[in-house]
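Working notes for the structure below.
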Amino acid sequence: MRIVDIKTSRISVPLKKPFKTALRTVTIAESIIVKVMSDNGKVGWGEAPPTLVITGESLDSIETAIHQPIKAALIGKDLSAYEDVFQTLHKVLVRNTSAKAAIDMALYDLISQEAGMPLYQFLGGYRNELETDFTVSVNSPKEMGEDAVEYVKNGFTVLKIKVGKDDIKKDIQRIQEIRNRIGNEIKIRLDANQGWEVKEAIHSILKMEDMGLNIELIEQPVKADDIDGLKKVTDAVETPIMADESVFSPEQAFLVAKNKSADLINIKLMKAGGIYKAEWINRIAETSGIQCMVGSMIESRLAITAAAHFAASKKNITRYDFDAPLMLDSDLIQGGVMYHGNKITFPASSGLGIQSVTNKFGDRNE
């Protein structure tokens with residue numbers, strides 16, 4: 001099975017409610033949709049959302065990377081030798097991880113279709129159902145408390161709370177308000193998105209522990225490149241600390257694991273450049289006794305389907321942050337994973353199970 005063509009298109013979907021973090025506010029989800037065609041008539045699907053403040057990529061840069069160096073390097077490649085194909089993908093240009101991720105998931109879609117297996121089974125098939133958390137955007141304590149109550153009423157038992165946008169004292173007020181509203185049975189995860197300084201993070205996390213706020217984990221409390229600071233926080237508190245923006249690559253995962261800078265790692269396909277390198281990160285983490293979460297950007301159900309297949313395939317991936325499609329005003333994806341409240345299940349069809357994507361922009365071939 002050889003690659004004969006690569007096409008892209010764009011989709012744009014409003015969010016039901018603005019998604020607010022310490023890094024950005026999103027009101028419209030935009031993505032590049034990728035189709036990789038093979039000589040046996042099969043199509044592999046992929047997706048890449050632009051996330052300038054994290055990966056540095058825009059819609060234009062993603063399409064340029066795909067249609068210039070990547071497409072030229074991959075046309076004619078034989079997917080039966082997929083190790084060579086993925087090595088080529090990652091060597092043809094540096095960074096551009098979201099562009100690579102979209103191609104990567106389309107390639108894995110084709111490979112597992114050819115194998116006649118759902119992708120999660122092709123990759124290992126450890127489990128066939130996932131439970132996602134739901135994210136509470138950073139707003140006033142009152143609004144965040146109201147949102148948390150709504151999400152719990154909708155059946156979610158794990159909430160991911162965005163903090164780090166302003167005064168850390170206000171963050172504690174936000175968490176107090178949410179905990180008072182939803183009780184102690186619901187798991188709470190915090191995501192500071194690099195919004196805290198090292199000393200204030202340590203002081204405030206210790207305070208939250210003393211207050212009995214029962215935080216499951218805290219994600220990326222300090223700046224992404226401050227690995228020493230991340231370790232200081234991890235060593236100083238009992239609450240598990242998760243690295244997110246600090247880990248894009250296997251090399252960074254190795255550094256975090258070697259220095260014991262975090263207790264957990266959040267893998268995102270858009271940071272890793274796809275499933276191929278995400279598997280490396282997970283293996284490094286697993287070897288080091290570090291469990292992983294698989295998360296996402298603001299993506300449609302297409303990219304989430306690929307991430308969910310990867311997450312379901314591995315024992316060491318124990319947490320899942322796949323709520324983005326539930327935030328969108330409409331669903332343009334036919335096929336793929338299915339949501340049942342907070343549960344995610346997989347179609348029996350081979351590959352990703354994507355059938356089509358509705359868009360009004362048309363395909364771009366070059």
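Every number in this text was worked out from the coordinates using simple rules, so none of it is lab data. Only a predicted model underlies this, so the values are computations on that prediction, with no experimental measurement involved. As a convention, Cβ positions derive from the backbone with ideal geometry for all residues, glycine included, and neighbour counts pool all protein chains shown.
Take every DSSP beta bridge whose two residues both sit in the chain, then give the antiparallel share in percent to the nearest 5.
Once the DSSP bridges in the chain are tallied, antiparallel ones form about 55 percent.
Legend: distances between Cα atoms for Lys207/Lys314; Lys258/Lys314; Lys16/Lys165; Lys100/Lys232; Lys169/Lys343; pairs beyond 29 Å are Lys207/Lys314; Lys100/Lys232; Lys169/Lys343.
Note on Lys268, Lys17: ascending count of other Cβ atoms within 10 Å places them as Lys17, Lys268, the fewest first.
Using the Cβ-Cβ distance between Asn259 and Trp280 with R0 = 25 Å, the FRET efficiency computed as 1/(1 + (r/R0)^6) comes to roughly 0.85.
When only C-alpha pairs under 8 Å and at least 6 residues apart count, what is the relative contact order of the chain, in percent? Normalised by residue count, the contact order of the chain is 21 percent. Here is how the number arises for the chain: DSSP H runs of 4 or more residues each give -39500 (n - 2.57), the sum is divided by the residue count, and the result at 222 nm is -11000 deg cm²/dmol.
Distance between the 7 Å Cα→Cβ label points at Ala236 and Gln87: 4.5 nm.
Here the Karplus curve 6.51 cos²θ - 1.76 cosθ + 1.60, taken at θ = phi - 60°, turns the phi angles of segment 306-318 into couplings of 5, 5, 5, 4, 4, 4, 5, 7, 10, 5, 6, 8, 10 Hz, with x standing for Gly and Pro.
Principal-axis analysis of the Cα atoms of the chain puts helix 82-91 at an angle of about 60° to the longest axis. Each of Phe346, Phe254, Phe19 was scored by other Cβ atoms within 10 Å of its Cβ. Arranged with the fewest first, they read Phe254, Phe19, Phe346. Among 223-235, 319-331, sorting by the average number of other beta carbon atoms lying within 10 angstrom of each residue, highest first, gives 319-331, 223-235.
For the cross-link pairs Lys160/Lys315; Lys160/Lys271; Lys162/Lys315, the ones whose C-alpha atoms lie over 25 Å apart are Lys162/Lys315. Counting every other Cβ atom within 10 Å of each residue's Cβ, Val85, Val26 order from fewest to most as Val26, Val85.
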